[in-house]
Amino acid sequence: IANAGRNLIRSPGRRNFDFIASKNFLMPWEGHMVQFRFEAFNLTNTPHFGVPNTSVGTPSAGLITEAEDGRLVQFGLKYLF
């Protein structure tokens, strides 16, 4: 039984900016095209920290020990018919 208040330890906020750019190239056959894609997840590479330790009364209270991956970039080529 403890007397700690509600929302005593709060997690850091999250901001995320994903980006996609694609270009369709028509093929000489009717209805066929090739699509080139560029996708970036977390484009600004803003860190996303994990949840803090909620063990109040211990030396590690409020300590954040993990973070998610940073920016992820991928290219794609798709053939549509």
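The values are calculated or read from the model by the stated rules, or taken from the named source; none is laboratory data. Owing to the predicted nature of the structure, the values given are computational and were not obtained by experimental measurement. Neighbour counts are summed over all protein chains in view; Cβ atoms, including those assigned to glycine, are modelled from backbone coordinates with ideal geometry. The accessibility values were calculated without ligands, DNA or RNA, using every heavy atom of the protein model including side chains. Shrake-Rupley method; radii C 1.70, N 1.55, O 1.52, S 1.80 Å.
Cβ-Cβ contacts under 7 Å between residues 6 or more apart (or on different chains), taken from a first residue in segment 51-67 that is part of a loop (DSSP other than H, G, I, E, B) to a second residue that is among the polar types (S, T, N, Q) and open to solvent by 60 Å² or more (accessible area, probe 1.4 Å), are listed as VAL51/SER11; PRO52/SER11. Filtering segment 44-60 to residues that are among the hydroxyl-bearing types (Ser, Thr, Tyr) and open to solvent by 90 Å² or more (accessible area, probe 1.4 Å) leaves only THR54. Among the residues of segment 1-43 satisfying the criterion of being more than 17 Å from LYS78 (Cα to Cα) and among the β-branched types (Val, Ile, Thr), which is least open to solvent (accessible area, probe 1.4 Å)? Per the criteria, the residue is ILE9. When LEU63 is tested against the conditions (1) open to solvent by 60 Å² or more (accessible area, probe 1.4 Å); (2) among the hydrophobic types (A, V, I, L, M, F, W, C); (3) over 30 Å from GLY5 (Cα atoms), the lone failure is (3).
Checked against (1) over 28 Å from the mean Cα position of the chain (by Cα); (2) modelled with pLDDT of 90 or more, ARG37 meets all criteria but (1).
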